[in-house]
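J.: Encoded as C-alpha cells, here's the structure I'll be asking about.
The values are calculated or read from the model by the stated rules, or taken from the named source; none is laboratory data. Note that the structure is a prediction, hence the values are computed from the model and not measured. Because the Cβ atoms are built from the backbone with ideal geometry, glycine has one as well, and the counts that use them run over all protein chains shown.
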Amino acid sequence: MPLRLIVTTAVVLVAVAALVRYFEPRFAFFPTAGESTTPVELGVAFASSTIVTGDGERLRAWTLRHATPRAAVVYFHGNGGNLSMWLPVLVGLHRRGLTVHAIDYRGYGASTGRPSESGLYRDVDATLDWVSARLDRGIPLVYWGRSLGTTMAAYAASRRRPAGLILEAGFPDARAVLRASPPLAVFGLFASYRFPTATYAQHAQCPILLLHGDDDHVIPYALGRALYEGLPEPRTFVRIRGGDHNDVVPADSETYWTAVRTFIDQLGRM
C-alpha cells in the first residue's frame, strides 16, 4: 500500500474517531431540564434532597417513603427526560408498598453538570453514600434500573451488594445496542462509551429479575434475552407482552407487577 494512502487513511480514521467522540454524548443522553411536576401532584408526599458528588456536581434526589414498606428501591431512570417525566413510574412503585429513592443524573432535571459515562458512575457512587444514611432497616434493598439505568443499577450492585437487582429493558453493553442497528454499527467501532451492564451484573452476587417488553422499539427484546443469558443464577426473566420501551404504565400490568411482587417477597424470606 502506498505511503500516501496509508497516511490518508490514518488521517480519515482519526478524524472520524474525533467526530464520533464529539457527538457521542448527544447520542447517549437526552436530558430534560427543570422539574415540572412532583409526587405531591399525584397525591404522594416526598422529600427532595441534594446529593453532592465527588467531583462537585449537585444532584436532585427524591424520596417517596412508604409507611409500611415491603422493600426500599433505589431507582435509576433511562437516558431521556428527568424525574418529572418518570413520575408515574415512581408513584406506581410507591403505591405498591415500596419506599423509593430516585435521582436525576448530572445534567438532568435540576441537577448540575453535563452527562457522560464516567460522570454517571460518580453520580451512582454518591447516591449509594446518600442512600446508606436513609435505609429502612429490616427490609430488602433493591436497585432497579431501566434502559441506560440498568447499567447504573448493575454498577451500583457491583459496588455495594443489594438484596436484589431489577433490570428493565436492559442490554449487555453499548456495542450490542449499536450492532442491533446497522446504521449505527460503524459508529460503534469508534465509540468510547461502554455501558457494560452484563459485566457489572455478573458481579452483583444477588438475585436478579429482568423485565423486557416484546414490542420494544429502542432496545430490542433479543438484547434483553442476551443480557439474561450472560448472567449467573439466581436470575429470572419475564417477558412483558406488548411492552414498549418508554411505557410509564406496563402494557401487561398483571404479569409485570406479579413478577415484581414475587421477586421482592422472595427477597424478604432470604
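J.: So, in the stretch 89-116, how many residues would count as being touching an Asp or Glu at 6+ places or on another chain (Cβ under 7 Å) and more than 17 Å from Ile139 (Cα to Cα)?
T.: Looking only at that region, the number is 8.
J.: Now a separate question. Filter the stretch 191-215 down to residues that are touching a strand residue (DSSP E or B) at 6+ places or on another chain (Cβ under 9 Å) and in a loop (DSSP other than H, G, I, E, B) and give me whichever is surrounded by the fewest Cβ atoms within 10 Å (Cβ to Cβ).
T.: Asp215
J.: Report whether or not Val89 is at pLDDT 95 or above, β-branched (Val, Ile, Thr) and surrounded by fewer than 24 Cβ atoms within 10 Å (Cβ to Cβ).
T.: Yes; evaluated as a whole, the condition is true for this residue.
J.: Need the failing condition index for Val12 against (1) modelled with pLDDT under 95; (2) among the aliphatic types (A, V, I, L, M); (3) within 25 Å of Leu267 (Cβ to Cβ), just the number.
T.: So the condition that Val12 fails would be (3).
J.: When the residues of the stretch 234-270 are narrowed to those that are farther than 26 Å from Ala180 by Cα and free of Cβ contacts under 8 Å to residues at least 24 places away in the same chain, which ends up farthest from the chain's Cα centre (by Cα)?
T.: Among them, the one singled out is Arg269.
J.: Okay, next question. Can you tell which of Thr112, Thr127 is surrounded by fewer than 24 Cβ atoms within 10 Å (Cβ to Cβ) and outside any helix (DSSP H, G or I)?
T.: Just one listed residue meets the conditions, Thr112.
J.: Could you check the stretch 217-262 and list, in sequence order, the residues that are among the aromatic types (Phe, Trp, Tyr), assigned to a helix (DSSP H, G or I) and surrounded by 15 or more Cβ atoms within 10 Å (Cβ to Cβ)?
T.: The answer is Tyr221, Tyr228, Tyr256.
J.: In the stretch 131-177, what residues are of a type in the set (A, V, I, L, M), assigned to a helix (DSSP H, G or I) and farther than 19 Å from Ser118 by Cβ?
T.: Scanning the stretch 131-177 gives Val131, Ala176.
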